[in-house]
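K.L.:
One structure coming up, written as structure tokens, with questions to follow.
The values are calculated or read from the model by the stated rules, or taken from the named source; none is laboratory data. Remember, it's a predicted structure, so these values are computed and weren't measured experimentally. All Cβ positions, glycine included, derive from the backbone under ideal geometry; neighbour counts span all protein chains shown.
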């Protein structure tokens with residue numbers, strides 16, 4: 001029972017994180033909308049947010065798994081896998097934040113949730129697993145849901161919605177690749193050690209990238225930026241903790257099942273906080289994707305990449 005509650009809390013925290021990013025970049029007249037949703041400001045927000053995450057994870061590791069830092073130092077021979085995973089995750093997060101900044105959060109996260117299907121397809125390819133009718137139905141369900149979520153795209157590829165859709169789908173593909181590489185890394189590292197290496201690498205990459213970007217931030221924006229980054233980092237770490245606890249107690253397949261509510265929950269939270277509505281057709285698409293991913297969680301062999 002506690003494992004199920006942990007996964008519900010994980011989905012809630014991660015959905016809240018998605019909405020926080022949307023509010024930060026877009027917001028409304030009363031809340032958020034601090035910086036434009038472009039590449040430069042996305043990198044800046046990622047850097048400040050990850051800075052706090054590294055601090056939180058270090059404190060958490062010191063309290064829960066004191067061997068974290070020794071494990072990282074002793075495992076430097078095996079650091080290649082987490083470094084590759086962290087590099088992939090860096091680009092994945094950038095694409096996801098750009099997507100959430102451009103299109104409604106619920107739609108962006110629904111498109112992003114193509115990643116379990118991509119991971120499943122890779123599993124079929126690399127492990128030569130024979131597709132079943134059940135998995136085929138799941139795949140078709142996700143495809144239909146994504147088509148319903150995505151309205152007719154404008155011919156102008158530079159339009160905001162088109163860019164958001166491309167970024168969300170790209171983030172989904174990136175996260176699937178991250179998940180595959182992360183499984184290898186987690187064979188040699190504790191989840192906290194792996195997370196600390198990943199987010200430290202993201203902080204280094206984002207800080208290095210900022211050196212080449214010409215960003216001018218108004219002095220009165222810095223304090224709100226740090227506060228939003230602090231809150232975002234704390235919420236994300238909470239989601240990671242509950243996810244790891246839930247997976248340990250209920251297993252990966254049940255975790256996938258419960259985590260499938262994230263797109264719908266994100267849409268609900270965005271509607272409550274931002275009054276962000278989506279068309280009935282898109283609501284049906286979100287529901288179909290959610291149900292399809294939930295069905296994937298019932299098929300243990302399908303979630304193995």
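K.L.:
Of the residues that make up the range 33-46, is at least one farther than 21 Å from residue 91 by Cβ and within 23 Å of the chain's Cα centre (by Cα)?
P.N.:
Yes, some residue in the range 33-46 is farther than 21 Å from residue 91 by Cβ and within 23 Å of the chain's Cα centre (by Cα).
K.L.:
Hey, another quick one. Output the number of residues of the range 22-42 satisfying the condition of being surrounded by fewer than 20 Cβ atoms within 10 Å (Cβ to Cβ) and part of a helix (DSSP H, G or I).
P.N.:
2
K.L.:
Of 10, 61, which residue is within 30 Å of residue 142 (Cβ to Cβ) and either crowded, with 16+ Cβ neighbours inside 10 Å or at pLDDT 90 or above (or both)?
P.N.:
10
K.L.:
State whether the residues of the range 160-177 include one that is more than 18 Å from the chain's Cα centre (by Cα), closer than 30 Å to residue 78 by Cβ, in a helix (DSSP H, G or I) and at pLDDT below 80.
P.N.:
no
K.L.:
Okay, moving on. Among the listed residues 67, 47, 77, which satisfies the condition of being under 16 Å from residue 207 (Cα atoms) and either at pLDDT below 90 or surrounded by fewer than 21 Cβ atoms within 10 Å (Cβ to Cβ) (or both)?
P.N.:
Result of the check over 67, 47, 77: 47.
K.L.:
Now for a different question. Please list, ordered by first then second residue, the pairs with beta carbon atoms under 7 Å, 6 or more apart or interchain, first in the range 175-201 and without any contact (Cβ under 8 Å) to a residue 12 or more places away in the chain, second assigned to a helix (DSSP H, G or I) and surrounded by 21 or more Cβ atoms within 10 Å (Cβ to Cβ).
P.N.:
That search, which allows pairs on different chains as well, returns 186/194.
K.L.:
Another question about this same structure. Looking for whichever is loosely packed, with under 15 Cβ neighbours inside 10 Å and at negative phi here; the options are 197, 221, 180. Which one fits?
P.N.:
Numbers: 197 fails: loosely packed, with under 15 Cβ neighbours inside 10 Å; 180 fails: loosely packed, with under 15 Cβ neighbours inside 10 Å.
After applying the criteria, what remains is 221.
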